[in-house]
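Novice: Starting off with a structure, shown below.
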Amino acid sequence: MIFRLIVTTVLLASVQLVQAADWQAVEADAKGQTVYFYAWGGSSTINQYIERWAQIAEERHDVKVEHVKVDDISVAIQGIQTAKRVGRSDQGSVDVMWINGENFARMKRDGLMGTPFVADLPSSKAINLDDPTIAADFSVPTDGLEAPWGRAQLVFIYDQSRLSQPPKSMDALLNYAKNNPGRVTYPEPPNFHGTTFLKQVLWETTEQQDWLQKPYVEARFEQVTSPMWAYLDSLHLHLWRKGREFPDSAEVMMDLFADGILDIALSFNPNDASQRILDGRFAPSVRTYIHEMGTVGNTHFLAIPFNADARAGALVWINLLLTPEAQAEKADPSVWGDPTVIDESRLGSEDQKLFRSLNLGPATLSAADRGVPLSEPHATWVEPIERAWKERYFGKAR
Amino acid sequence: MERALFWEGSVNWIERFFVLILILPVIGLLDEAYGRYSGVSWIQGLTRLWSEPALIESLILSVWVASVSLVISLFIARAISAKTLQVNDSQLWRSVLLAIPHSALAIGLLLALSAGGVGWRWISVIFELPLDQQYLFPRDPWGIGMIVSLVIKESAFLIAIAIPITKRLPLRSYQVIARQAGLTQIQCHHQLIWPQAIRLMWPAIFVVFVFGLTNLEVSLILGPDQPQLIGVRLFQLLTDPDALNRQAGALGLLIMLVGLAVVSGVFHRSVRARVKDRLSDAMAFTHGATVLRWALIAAFWLSIVSLLMWSVTMRWSVFEPLPHVSLNALTSLKTLASPFWVSLSIGLATGVIAIVLAVCILEYLVSKGQKRLHWVWWAFLWLPALPMASGLLAWIYFFGGSPGLWPVVLGHTLIALPYVMIVMSDSWFDRDRRHDMFLKQAGLPVGRRILLIWVPRHSRLLVLAFALAFAVSCALYTQTILLGGGRVETLMTELMVTVSGERRLAALTGLANLLLPLIAFALALWVNRLSWSHRAGMQGEGYADFR
């Protein structure tokens, strides 16, 4: 028995030593590499966070990180696809990309991802990779092909000086819109936040919730979505500009909210409102809430394409972003406010302090108040829903 | 005798080469459209395209926006052209308008006139309208916001083309005839001069129509969104990760190109037919144009003020009279440093290459006895940016290259070069051929002739053409994003990323986009003012010869 224990301990230690040696080799390979990191660039706070950690990557690991700011990550995916179809398996233009959902599902399906890497990252030990929201992305298994970077959950934003009792269900929202015409809207699908709003409506209206967790079946579409369309048809009549125009994005919607034109905004970042109060874009009286049945939540990830030119540098960069230091700073509303993917119970006491000392701000709901998020429908449902939305409402503006 | 704006004779090897460059992108598109990458037939691609919701509506809306903005731009150009013949031409004002990128102006208008915008707040107070609502534009279903933005820029472009053409016409004889017929000066312009000018400037008119129909930047910022204009719809298809969608997008672009070819034929025929002015009261329309012009100037300044204000505004509720302003907002400026230097470098490289190429090509054309520019140069401006950039990218891959900085410079040069050729060609073709003969007889080699005589002689024009090429480069988005693979970050790509992001960052980026080409034009005008001031022979336009 003692012999077995010794053998097991020695074996485990050996594996760790081999992994450490492997990681040192990765770090050595990464020295001097330039990593092109494709990520959404529409927020100055996120851009500044990435820029700051890019400087740290250069100082600590001699890895230069170029933040390629994109409006839509699909442009980057197209470049990777083009490279694949012309048989270019190296020297790709994308090294790391910020991704989730249907884009990941499509890249995985088309073989555009590299080999699994997440378990090899030293920082991943502090992450519970078996957590269902991390092990699957929109119900598609991640299989170690993308590393979790942050968590998201839909929250609604209101100003308590203007609205004392926010509507905490889709039915209540419809009533509110009827009583306050033009004061509510949602971002236009296929914008990510607009589609998320549709998913929330779907969860709160459909009776076939279990079908949403399975891949899309055309024969089920009508039955699953018809209550959602009936709801939206009623809601649109009372929306801002009578539903003839929608904000381009959640950012534009938040501008309208900050201007006092809308009563309710939405965000996929529970700390977003606090962050905006801190930097002066929202009034101090702004707060967040979720619906009584919960709201849709997910995880966003970092992936390395199959043809990444600087794979070693990409691994070092992702590992750095998953360290407790980087994750705690990211979760700070005065920096970005994006919730961490780290399982704090796996951290040492010093690292735990980093998270416990965070002041999440006046508008952030506690994890207990947010509850367990509703899961995303399977990735294959997204395109048919967005397409049906377009077919139903496009061209009805005049 | 009237002279054609462009030459229609046989094609020399340079022009054949540039025709080839024009055709190559289309072949690249054909490859995609035929289904090489999707693995399905073109009929399935067409079926996919046809199944796109409200695509025809997008097309009709785009034709409406392009046509209305063109008609209004022509209307204003006609009025200003008539005035210019009587009073001094305001080249400075026109240069400013030409230098500003379409998208920077569009973002300014968006921040001025959308709900909560600076202008909308003022309008609401003046007309006692509810502050928290928005009635018409931008992003309105009829594309009015976009039409306003296009008209401001395109009327300046058409005026810049119309004035030199008008001045080349035998104005004195027209005026004599007009006086004999009892027409006023304005009537003479509108009924005798302008129809002739229109006939000569149809390539430029077609450029305006094509840009209005297919542009991406202004459509994304100000265009309607339910549905979007056809350029945006096709761009979304063409950049979709799904190969079938991309095939549908390529087919859509090819269909649009065929459509544009047909429209170009109709344009050509209709303007060559005898143009008759049907306006019964020319003066009333001229006053209308003046009002319209001032309204557009007001909109322009409003957009500039909006950019400035939102750059430093943290928040501003419609119920508060003044914004919460903080200079902390300007900390985002440091994130624009890198795109600024990239824009500057690409702009300088594009300008230098375009000028060198244009001088060499023009010298060659002059030596071959060519008198006017071939339509090929205009055709570069007729080809929508999207198929051209997509097709070029396909060829860059085919030759083993990758998207990056140099493909972007190539893409920018291919657009800037025709502009430079159009601006410079008249002066080059109009020079006294006897001077060439004297220099040849003196045994001066061609290189020295260009460097010692012709370049200094045309230096003022070259400086302005360089500023124009620089401004064109600063304003290009589609070429930069596709040929740079997203890696090349210019102020323009930053602007397009921030349009749907933070308003403060978008305003700041818009302002930076506006300033860079403006500085280039200001420098060009300043250099021209200072240079050769002590040399009568270098005053341009044959000043010394005339004396």
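Novice: Residue pairs, Cβ under 7 Å, 6 or more apart or interchain, first in segment A:135-163 and free of Cβ contacts under 8 Å to residues at least 24 places away in the same chain, second surrounded by 22 or more Cβ atoms within 10 Å (Cβ to Cβ) and in a loop (DSSP other than H, G, I, E, B). List them.
Specialist: Hits for this filter: A:A135/A:T142; A:A136/A:T142.
Novice: What are the pairs, 6+ residues apart or on separate chains, where a residue within segment A:79-93 that is more than 7 Å from chain B (Cβ to nearest Cβ) has its Cβ under 6 Å from a residue that is part of a loop (DSSP other than H, G, I, E, B) and among the polar types (S, T, N, Q)?
Specialist: Sorted first by the residue in segment A:79-93, then by its partner, the pairs are A:A83/A:N307; A:S89/A:N307; A:D90/A:N307; A:G92/A:N307.
Novice: Moving on. Can you tell me which residue among B:I163, B:I159, B:I147 is touching an Asp or Glu at 6+ places or on another chain (Cβ under 7 Å) and either closer than 25 Å to B:L74 by Cβ or modelled with pLDDT under 80 (or both)?
Specialist: Sole residue among the options that is touching an Asp or Glu at 6+ places or on another chain (Cβ under 7 Å) and either closer than 25 Å to B:L74 by Cβ or modelled with pLDDT under 80 (or both): B:I163.
Novice: Here's a follow-up. So which of A:P187, A:P215 ends up being within 14 Å of another protein chain (Cβ to nearest Cβ), part of a loop (DSSP other than H, G, I, E, B), within 30 Å of A:F104 (Cβ to Cβ) and touching a residue at least 40 places away in the same chain (Cβ under 8 Å)?
Specialist: A:P187
Novice: Does any residue of segment B:283-303 turn out to be at pLDDT 75 or above, under 20 Å from the mean Cα position of the chain (by Cα), surrounded by 23 or more Cβ atoms within 10 Å (Cβ to Cβ) and not in a helix (DSSP H, G or I)?
Specialist: No: zero hits.
Novice: Identify, please: which residue in segment A:371-398 is among the charged types (D, E, K, R) and out of contact with any Ser or Thr (no Cβ under 8 Å at 6 or more places or on another chain) and is, among those, modelled with the lowest pLDDT?
Specialist: Ranking the candidates gives A:R398 first.
Conditions (1) of a type in the set (A, V, I, L, M); (2) crowded, with 20+ Cβ neighbours inside 10 Å; (3) in contact with a strand residue (DSSP E or B) (Cβ under 6 Å, 6 or more places away or on another chain), marked per residue:
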residue	(1), (2), (3)
B:R449	no, no, no
B:L452	yes, no, no
B:A465	yes, yes, no
B:A469	yes, yes, no
B:T478	no, yes, no
B:L482	yes, yes, no
B:G485	no, yes, no
B:E489	no, yes, no
B:M492	yes, yes, no
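Novice: Please find, within segment A:52-78, the residue that is farthest from the other protein chains (Cβ to nearest Cβ) out of those that are under 24 Å from B:Y37 (Cβ atoms) and not hydrophobic (A, V, I, L, M, F, W, C).
Specialist: Once the filter is applied, the top-ranked residue is A:D72.
Novice: Does at least one position in segment B:385-397 carry a residue that is of a type in the set (F, W, Y) and within 14 Å of another protein chain (Cβ to nearest Cβ)?
Specialist: Within segment B:385-397, one or more residues are of a type in the set (F, W, Y) and within 14 Å of another protein chain (Cβ to nearest Cβ).
Novice: When segment B:316-341 is examined, which residues are found to be touching a strand residue (DSSP E or B) at 6+ places or on another chain (Cβ under 7 Å), at pLDDT below 85 and facing another protein chain (nearest Cβ under 8 Å)?
Specialist: Matches in segment B:316-341: B:S326 only.
Novice: Could you say which residue among A:D279, A:D338, A:D248 is buried (at least 23 other Cβ atoms within 10 Å of the Cβ), among the charged types (D, E, K, R) and touching a residue at least 12 places away in the same chain (Cβ under 8 Å)?
Specialist: Every option except A:D338 fails the conditions.
Novice: If you don't mind, another one. Out of (1) at pLDDT 85 or above; (2) closer than 29 Å to A:V140 by Cβ, the odd one out for A:V63 is which?
Specialist: All conditions pass for A:V63, except number (2).
Novice: Would you confirm, using the coordinates I've provided, whether A:Y49 is within 16 Å of B:E489 (Cα to Cα) and either within 12 Å of chain B (Cβ to nearest Cβ) or of a type in the set (K, R) (or both)?
Specialist: Criteria not met by A:Y49.
Novice: Can you name every residue in segment A:34-45 that is more than 9 Å from chain B (Cβ to nearest Cβ) and closer than 20 Å to B:V499 by Cα?
Specialist: A:A39
Novice: Is there any pair linking a residue in segment B:498-517 that is more than 7 Å from chain A (Cβ to nearest Cβ) and farther than 17 Å from B:P101 by Cα to one that is crowded, with 24+ Cβ neighbours inside 10 Å and among the small types (G, A, S), with Cβ under 8 Å and at least six apart or on different chains, and which?
Specialist: If the second residue must be crowded, with 24+ Cβ neighbours inside 10 Å and among the small types (G, A, S), the pairs left are B:R504/B:S311.
Novice: In contact with a Ser or Thr (Cβ under 7 Å, 6 or more places away or on another chain), crowded, with 24+ Cβ neighbours inside 10 Å and either farther than 30 Å from B:A507 by Cα or of a type in the set (A, V, I, L, M, F, W, C) (or both): does that describe A:L360?
Specialist: In short, no.
Novice: If you go through segment A:159-181 one residue at a time, do you hit one that is among the aromatic types (F, W, Y) and part of a helix (DSSP H, G or I)?
Specialist: Within segment A:159-181, one or more residues are among the aromatic types (F, W, Y) and part of a helix (DSSP H, G or I).
Novice: Oh, and also: Of the residues that sit in segment B:241-282 and are over 24 Å from the mean Cα position of the chain (by Cα), of a type in the set (A, V, I, L, M) and modelled with pLDDT under 85, which one is surrounded by the fewest Cβ atoms within 10 Å (Cβ to Cβ)?
Specialist: Looking at residues that are over 24 Å from the mean Cα position of the chain (by Cα), of a type in the set (A, V, I, L, M) and modelled with pLDDT under 85, I get B:A273.
Novice: Something else now. Do you know which of the residues in segment B:459-489 that are within 14 Å of chain A (Cβ to nearest Cβ) and under 17 Å from B:W341 (Cα atoms) is modelled with the lowest pLDDT?
Specialist: This residue is B:G486.
Novice: I'd like to verify a number: residues in segment B:226-251 that are among the basic types (K, R) and facing chain A (nearest Cβ under 9 Å), how many?
Specialist: Matching residues across segment B:226-251 total 1.
Novice: Take the residues of segment B:213-240 that are farther than 14 Å from B:W142 by Cα and hydroxyl-bearing (S, T, Y): which is surrounded by the most Cβ atoms within 10 Å (Cβ to Cβ)?
Specialist: Here the residue is B:T214.
Novice: Also: Within segment B:335-382, can you find the residues that are small (G, A, S) and part of a helix (DSSP H, G or I)?
Specialist: B:A337, B:S338, B:S343, B:S345, B:G347, B:A349, B:G351, B:A354, B:A358, B:S367, B:A379
Novice: Another question about this same structure. From the list B:L464, B:L439, B:L451, exactly one residue is of a type in the set (A, V, I, L, M) and in contact (Cβ under 8 Å) with a residue 60 or more places away in the chain. Which is it?
Specialist: Being of a type in the set (A, V, I, L, M) and in contact (Cβ under 8 Å) with a residue 60 or more places away in the chain holds for just one of B:L464, B:L439, B:L451, which is B:L464.
The values are calculated or read from the model by the stated rules, or taken from the named source; none is laboratory data. Model, not experiment: these values are computed from the prediction. Please note: Cβ atoms are built from the backbone with ideal geometry, for glycine as well, and neighbour counts cover all protein chains shown.
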